[in-house]
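Contents: one structure, followed by commentary.
The values are calculated or read from the model by the stated rules, or taken from the named source; none is laboratory data. Worth saying up front: this structure is predicted, and the values here are computed from it rather than measured. No Cβ is skipped: glycine too gets one built from the backbone with ideal geometry, and neighbour counts run over all protein chains shown.
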Amino acid sequence: MKITESILALEEQIKALLEELAEIKMQVYALEEKNEQVLSKVYRSSEIQGHGNLQELYEEGFHICPEHFAQIRDVSQDCLFCLSFLSEVRGKAYE
């Protein structure tokens with residue numbers, strides 16, 4: 001009987017893992033969709049308009065710096081990397 005009980009317990013663990021995997025898949029799908037939206041905003045315009053899109057993305061709460069690109073940032077705190085990147089991009093756009 002112990003083997004049967006062990007098999008049943010293992011089966012329950014597998015079911016729980018499959019449920020957790022399904023949840024993770026849904027989260028990954030949602031993140032991929034969000035990433036596609038962010039990337040389409042960045043690349044949909046010409047270069048100068050793209051710079052404006054970067055500014056807009058930053059203001060919406062996304063990182064635009066190469067180190068953390070498209071990751072959600074705390075809008076109550078500025079990212080020095082993003083601000084530096086925006087400064088560089090603005091300088092190049094007006095040269």
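List of remarks:
- Every listed requirement among (1) of a type in the set (S, T, N, Q); (2) modelled with pLDDT of 85 or more; (3) in contact with a Lys or Arg (Cβ under 9 Å, 6 or more places away or on another chain) is met by Q77 save one, (3).
- Candidates in segment 15-53 are the residues that are more than 15 Å from the chain's Cα centre (by Cα) and of a type in the set (A, V, I, L, M, F, W, C); of these, the one that is modelled with the lowest pLDDT is I48.
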